[in-house]
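*Asks:* Right, I'll just put the structure down here and ask away after.
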Amino acid sequence: MAGLTVIPKYPIEWWRFVRSPASYVEGTRALDQKDVYEPWAAFGVGVGLTVALFAYEARRSSSHLDQGTEQVFLFIIAALNLVIVHALCRAMGGKASLRDLGAAFEYLYGFLVPATVAGTSVSVAATELISGADCRVTLDTFECNLAPSATAVVTVTLLQTALIAMAIYVFVVFNLVIARLHQLSRWKVLLAQVVALAVVAVMGPVLYAAAHGIATRLSGLF
């Protein structure tokens, strides 16, 4: 695929992915496929969009370093989660290679992360506009300072519901894609995912400290 078509085709490929994530990823790994939207293309454009969205949020909230840390932390835990799930699936008889899972990670990250970040940003902005609340949403934090009114309470509740729905969607898509590539039952992949999430949760503070250190170094370069 010519480099000049990578960005214009992204919305089309994103829509194809959203309609059938597992089939999309499996189809692109077929050896006889031509004119495939390469994993690096989805990942590259997705990372660019994510960086732009985090930069906007950092400027809006005046927390450049915090947003940078969140971005690095998100990438680290996503990659670590995938590696653990892949290792456990292989131990349970999974068929996918690390190369297949690497490509799947690029598609999942490239298509899901910017959409989730954008959805969160729009939802938070709408909530603040309607309710007058001051909300702070990160990977492990949900805080809203709001006036005690019915409108504010309902709006913030809807925001929480939207965030939970997005998290469930990402979780389900990830497991469907991994199950298809490894040719395992969804229950086995779910078991691997639960173990991986438990490991990530235990290592969370260490990973966040590492992400903060990396973000601090990166911020010093710009």
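None of the figures in this text is laboratory data; all of them are computed from the coordinates on show. This structure is a prediction, so every number in the text was calculated from the model and none was measured. As a convention, Cβ positions derive from the backbone with ideal geometry for all residues, glycine included, and neighbour counts pool all protein chains shown.
*Asks:* Give the number of residues within region 130-153 that are surrounded by fewer than 17 Cβ atoms within 10 Å (Cβ to Cβ), in contact (Cβ under 8 Å) with a residue 24 or more places away in the chain, of a type in the set (A, V, I, L, M, F, W, C) and outside any helix (DSSP H, G or I).
*Replies:* Total meeting the criteria: 1.
*Asks:* Looking at the structure I just gave you, is residue 193 surrounded by 13 or more Cβ atoms within 10 Å (Cβ to Cβ), out of contact with any helix residue (DSSP H, G or I) (no Cβ under 7 Å at 6 or more places or on another chain) and among the polar types (S, T, N, Q)?
*Replies:* Answer is no for this residue.
*Asks:* Is one or more of the residues making up region 174-192 in contact with a strand residue (DSSP E or B) (Cβ under 9 Å, 6 or more places away or on another chain), touching a residue at least 12 places away in the same chain (Cβ under 8 Å) and over 15 Å from residue 74 (Cα atoms)?
*Replies:* No: zero hits.
*Asks:* Given the options 88, 82, 129, name the one that is within 19 Å of the chain's Cα centre (by Cα) and of a type in the set (A, V, I, L, M, F, W, C).
*Replies:* Values: 88 fails: within 19 Å of the chain's Cα centre (by Cα); 129 fails: within 19 Å of the chain's Cα centre (by Cα).
Of 88, 82, 129, the one residue that is within 19 Å of the chain's Cα centre (by Cα) and of a type in the set (A, V, I, L, M, F, W, C) is 82.
*Asks:* So, one more: Surrounded by 15 or more Cβ atoms within 10 Å (Cβ to Cβ) and either touching a residue at least 60 places away in the same chain (Cβ under 8 Å) or touching a Pro at 6+ places or on another chain (Cβ under 6 Å) (or both): does that describe residue 124?
*Replies:* no
*Asks:* For region 184-206, indicate whether the set of residues that are more than 21 Å from the chain's Cα centre (by Cα), farther than 19 Å from residue 56 by Cβ and not in a helix (DSSP H, G or I) is non-empty.
*Replies:* Yes, because at least one residue in region 184-206 is more than 21 Å from the chain's Cα centre (by Cα), farther than 19 Å from residue 56 by Cβ and not in a helix (DSSP H, G or I).
*Asks:* May I pose another question? What number goes with the only condition from (1) buried (at least 16 other Cβ atoms within 10 Å of the Cβ); (2) not in a helix (DSSP H, G or I) that residue 211 does not pass?
*Replies:* Status for residue 211: all satisfied but (2).
*Asks:* Taking the conditions exactly as written (at negative phi and touching a His at 6+ places or on another chain (Cβ under 8 Å)), does residue 172 satisfy them or not?
*Replies:* no
*Asks:* Here's a follow-up. Does region 165-187 contain at least one residue that is surrounded by fewer than 16 Cβ atoms within 10 Å (Cβ to Cβ) and over 25 Å from residue 14 (Cα atoms)?
*Replies:* yes
*Asks:* Suppose we filter 206, 156 for residues that are buried (at least 17 other Cβ atoms within 10 Å of the Cβ) and over 30 Å from residue 29 (Cβ atoms); which single one remains?
*Replies:* 156
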